[in-house]
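Just passing along the structure, written as structure tokens.
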Amino acid sequence: MRKIGFAGFGKSFLSWNLAGAVEDSVIYADHRAPYRVWNRTVPVCERWADVETARPELVCIDHEESEVAPDIVVYGVTPDLARIELALRAQRKGTRTVVPVLVGYEETGVPWPFPPEFRPAITVPWDMRQATSPLVGAPLTLR
């Protein structure tokens, strides 16, 4: 069981959409989770004991607790130099693997406008109306 935590911009957006795109995954979230009302197919666990009972391949943690430490942290970043610097700092100082994801940036054919050391694992165009990206399939409202 891999535990994926999320930080930075769009952490709930990233966690719910990643869980929706990966088979045998669950969301670990509390009852007030913002994307919960849109989710129709991803199992949601409110207690860690429920996660341990389900034994999924992937747990997307959208509910932070000191007792539940992720193996990997997906760090959402907007195309803003100050936020990119925060993500780079988290990568350098992190005790866990930090995977940066650039959210809301569209390739326009111009040279890379960000520091050369910032290499996100993926660049996700973001549809604000559907709170999803075409990279992860149908919006949660349609799943």
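I'm trying to understand the selection: among the residues of the stretch 60-98, which are within 11 Å of the chain's Cα centre (by Cα) and crowded, with 17+ Cβ neighbours inside 10 Å?
Across the stretch 60-98, the qualifying residues are 60, 61, 62, 73, 74, 75, 76, 77.
Would you check which residues across the stretch 1-28 are in a strand (DSSP E or B), of a type in the set (A, V, I, L, M, F, W, C) and either more than 18 Å from residue 76 (Cα to Cα) or touching a Phe, Trp or Tyr at 6+ places or on another chain (Cβ under 7 Å) (or both) and list them?
Listed by number, the residues that qualify are 7, 26, 27.
Something else: Determine which member of the set 52, 64 is without any contact (Cβ under 8 Å) to a residue 24 or more places away in the chain and either under 23 Å from residue 124 (Cα atoms) or not polar (S, T, N, Q) (or both).
Of 52, 64, the one residue that is without any contact (Cβ under 8 Å) to a residue 24 or more places away in the chain and either under 23 Å from residue 124 (Cα atoms) or not polar (S, T, N, Q) (or both) is 52.
If I filter the stretch 1-36 down to residues being aliphatic (A, V, I, L, M) and touching a Leu at 6+ places or on another chain (Cβ under 9 Å), which single residue comes out as surrounded by the fewest Cβ atoms within 10 Å (Cβ to Cβ)?
Only one residue fits best here, namely 1.
Read the figures in this text as sums done on the coordinates, not as results from a lab. Nothing here was measured: the structure is a model prediction, and the numbers come from that model. Because the Cβ atoms are built from the backbone with ideal geometry, glycine has one as well, and the counts that use them run over all protein chains shown.
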